[in-house]
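The values are calculated or read from the model by the stated rules, or taken from the named source; none is laboratory data. Please read these numbers as outputs of a predicted model, since none were measured by experiment. Here the Cβ positions follow ideal geometry from the backbone for every residue, glycine too, while neighbour counts run over all protein chains shown. Just so you know, the surface numbers come from the protein's heavy atoms only, side chains and all, with ligands and any DNA or RNA stripped out. Shrake-Rupley method; radii C 1.70, N 1.55, O 1.52, S 1.80 Å.
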Amino acid sequence: MFIEQAKGVIAERNGINMDEAFRRLRQHARSRQEPMHTSAANVISSRVML
(Lines give C-alpha, C1' and ligand atoms only; values in the text may rest on other atoms or scores of the structure.)
Protein backbone atom coordinates (compact mmCIF):
# COMPACT_ATOMS: atom_id res chain seq x y z
CA MET A 1 0.00 0.00 0.00
CA PHE A 2 2.74 2.49 0.91
CA ILE A 3 4.58 1.77 -2.31
CA GLU A 4 1.58 2.55 -4.51
CA GLN A 5 0.87 5.76 -2.60
CA ALA A 6 4.50 6.81 -2.82
CA LYS A 7 4.55 6.16 -6.57
CA GLY A 8 1.55 8.45 -6.92
CA VAL A 9 3.18 11.17 -4.83
CA ILE A 10 6.43 10.96 -6.79
CA ALA A 11 4.61 10.96 -10.13
CA GLU A 12 2.49 13.97 -9.16
CA ARG A 13 5.39 16.00 -7.77
CA ASN A 14 7.54 15.41 -10.84
CA GLY A 15 5.01 15.15 -13.65
CA ILE A 16 6.18 11.65 -14.55
CA ASN A 17 4.48 8.31 -15.16
CA MET A 18 4.08 5.60 -12.54
CA ASP A 19 6.80 3.38 -14.05
CA GLU A 20 9.37 6.15 -13.74
CA ALA A 21 8.15 6.94 -10.22
CA PHE A 22 8.66 3.30 -9.24
CA ARG A 23 12.14 3.31 -10.76
CA ARG A 24 13.07 6.38 -8.72
CA LEU A 25 11.67 4.91 -5.52
CA ARG A 26 13.50 1.63 -6.08
CA GLN A 27 16.76 3.44 -6.84
CA HIS A 28 16.40 5.54 -3.69
CA ALA A 29 15.78 2.48 -1.50
CA ARG A 30 18.69 0.56 -3.01
CA SER A 31 21.12 3.43 -2.66
CA ARG A 32 20.29 3.67 1.05
CA GLN A 33 20.08 -0.09 1.56
CA GLU A 34 16.64 0.14 3.11
CA PRO A 35 13.40 -1.70 2.37
CA MET A 36 11.20 -0.10 -0.28
CA HIS A 37 8.32 0.25 2.17
CA THR A 38 10.56 2.38 4.41
CA SER A 39 11.52 4.66 1.53
CA ALA A 40 7.88 4.81 0.47
CA ALA A 41 6.73 5.81 3.96
CA ASN A 42 9.37 8.56 4.01
CA VAL A 43 8.16 9.88 0.64
CA ILE A 44 4.53 9.90 1.80
CA SER A 45 5.41 11.76 5.00
CA SER A 46 7.51 14.25 2.98
CA ARG A 47 10.70 13.34 4.81
CA VAL A 48 12.15 12.47 1.40
CA MET A 49 11.49 14.43 -1.76
CA LEU A 50 12.05 12.40 -4.93
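Return one whole number: the accessible area per residue of the chain in Å², for a 1.4 Å probe.
Roughly 66 Å² per residue, with all protein chains present.
Of the peptides 1-11, 29-39, how do they stack up when ordered by the mean number of other Cβ atoms within 10 Å, highest first?
Peptide ranking by packing, descending: 1-11, 29-39.
Report in % the part of the accessible area of the chain that belongs to carbon and sulfur, leaving out ligands and nucleic acids; probe 1.4 Å.
The nonpolar share, carbon plus sulfur, comes to 50 percent.
Points 7 angstrom from Cα along the Cβ direction at Leu50 and Gln33: gap in nanometres?
So the label points at Leu50 and Gln33 sit 1.9 nm apart.
Two decimals, Cα atoms only, Kirkwood Rh: what is Rg/Rh over the chain?
Across the chain, the Cα-based Rg/Rh ratio is 0.91.
So, with +1 on the Cβ of K and R and -1 on the Cβ of D and E, and no other charges, what is the size of the charge dipole of the chain about its Cα centre, to the nearest 20 debye?
In total the dipole reaches around 180 debye.
Just subtract the alpha-carbon distance of Ile16 and Met1 from 0.36 nm times their residue separation and send over the number in nm, one decimal.
Full extension of this stretch gives 3.4 nm more.
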